[in-house]
Structure formats: structure tokens, C-alpha cells
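Visitor: Right, I'll just put the structure down here and ask away after.
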């Protein structure tokens, strides 16, 4: 399916894989795609936040989850040191859903290529629980994000 | 010495029972922390001259298992 992706959109997917690896997360989720989007050339402009903001929000969320079960620890944000073990990671259902939805968004707009903006639209269209909560932490409203992204597309056309 | 089984605190079990996402997120985060802690301390034990067998015994796993997991460092 990646033959329809723009070079930047492919980079988003690669960045998502790298992010899961860096964090030693067992699977590649829609959240990793969100970090990937934020690392893209147009990503921060579309989202209004930088990749490190998304990373911080994820780390804070994890810390809060531990606190909710009574464990109080400071989580490292950037883990220095030895390279992480590479292993195959699968995409979660939500992550695949975002990629499928990006294709639908592009088709709906009669665009030939899937760009970073279609990935953003896909994230807002799917409204996965984890992602919506993460966006909420970042002060991003999904409806508003969708509207501003469509605006950006229209202005570029 | 108190040799009873360690008990899981009430907080650990009933916190946010209405939100599986938070509980499962905590499990994943803890697991990742444990993995990092293990990698760090196995490396320290190796530097201190511990054999894989001794490390395996300390972790409660086989010498082969610990070597396979951490041996390449």
C-alpha cells in the first residue's frame, strides 16, 4: 500500500517504527504514528506541537498510569546508553486503521498521493481513545485539528 | 525475618478498576522499567566479574536464558 504514500508520509511510518524501538514499546501504535507525524517536515505546523511535546505527553501519561496503581517513580524521558535491541514489531489494529484511513481520506479528497496531512486527517477521523487522550494532554482538539488541516490543504491547492 | 509472600497493596489491585486502559498502561510501563533495570544490572554484574550462571541464579532463570538475552553487550 505504501506505493501511494508521499516520501514524507513514508518517513512518518519509518519514524513511528524507530520511535517504538527507541521507547522499547512492544508494538507500533497510533501514538507512535503521531510522534512520526510530529517529526515530519510539515508535522509541527499541522499539529501545533513538536515531536518532543508528544513524547513528553506520553511519558507523563505513563507516569500518571503508574501513580494510579500506587507506584511513584520518575520516568526517564530520553534513555541514553546502549542501542536498543532490534526486533520485529507489529502494528496495532489502531495503527493499521490510521494508515487505511489516510488512504480513504486521500481518495475522498481526490488526491493521488497520501501525504502527512492525510495522516493527520486519519488520526482525527478515527478518534482512537489513547490518541484522543494524548491530544487532549497536548491541548489539541480533534475537531479543530481536522478543520485547520483541511484549511491548510485548501490553501495549498 | 518476615518470610510471608510479598503482598500486593490494595492500591495496586483496585486503583482505577473502572479504567482498564490506565491499569494496562501501568503494566506495560512497569514491564519496560523492569527490562531496563535488568539490562543495567546484568551489565554491572558482568563488569564486576559475575558469571552468567551466578547472574541467572540471582534472576531465577537459566544461565543460557540470561546469556541469550544479554550476551551480546
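Visitor: Per residue of B:29-35, what is the mean number of Cβ atoms on other protein chains within 10 angstrom of that residue's Cβ?
Guide: Whole-number average of other-chain Cβ neighbours for B:29-35 is 5.
Visitor: Oh, and also: Just subtract the alpha-carbon distance of residue A:143 and residue A:17 from 0.36 nm times their residue separation and send over the number in nm, one decimal.
Guide: Extending this stretch completely gives an extra 42.7 nm.
Visitor: Using 0.36 nm times the number of residues separating residue A:27 and residue A:113, minus their current alpha carbon distance, what extension gain do you get?
Guide: Separation in residues times 0.36 nm, less the Cα-Cα distance, equals 28.3 nm.
Visitor: Something else: Take the Cβ-Cβ distance between residue A:64 and residue A:93 as r, set R0 to 25 Å, and report the resulting FRET efficiency rounded to the nearest 0.05.
Guide: Efficiency, rounded to the nearest 0.05: 0.55.
Visitor: So, one more: Once label points are set 7 Å from the Cα along Cα→Cβ at both residue A:127 and residue B:63, what is their separation, rounded to one decimal in nm?
Guide: The answer from the label model is 5.9 nm.
Visitor: Hey, another quick one. Residue A:75 versus residue A:156, label points 7 Å from Cα toward the beta carbon: distance in nm?
Guide: Result for the modelled spin labels: 3.1 nm.
Visitor: Under a GNM of chain A (C-alpha, springs under 10 Å), which listed residue has the highest mean-square fluctuation: A:24, A:50, A:101?
Guide: In the Gaussian network model the winner is A:24.
Visitor: Between residue B:54 and residue B:72, what is 0.36 nm times their sequence separation minus the Cα-Cα distance? Round to one decimal in nm.
Guide: Full-extension gain reported as 4.7 nm.
Visitor: Which FRET efficiency value, to the nearest 0.05, do you get for residue A:136 and residue A:4 by plugging their Cβ-Cβ distance into 1/(1 + (r/R0)^6) with R0 = 30 Å?
Guide: Calculated transfer efficiency: 0.45.
Visitor: Next question, about the same structure. By its C-alpha gyration tensor, with a ≥ b ≥ c as the square roots of the eigenvalues, how is region A:2-156 shaped: rounded for a/c under 1.5, else prolate for a/b larger than b/c, else oblate?
Guide: Verdict is prolate for region A:2-156.
Visitor: Moving on. If one computes the Cα centroid of region B:32-73 and of region A:98-157, what distance in Å separates the two points?
Guide: About 44 Å separates the Cα centre of region B:32-73 from the one of region A:98-157.
Each value in this text was obtained by applying a stated rule to the coordinates, not by laboratory testing. Quantities reported herein were computed from a predicted structural model and do not represent experimental measurements. When we count neighbours, we look across all protein chains shown, and the Cβ atoms used for this are built from the backbone with ideal geometry, even at glycine.
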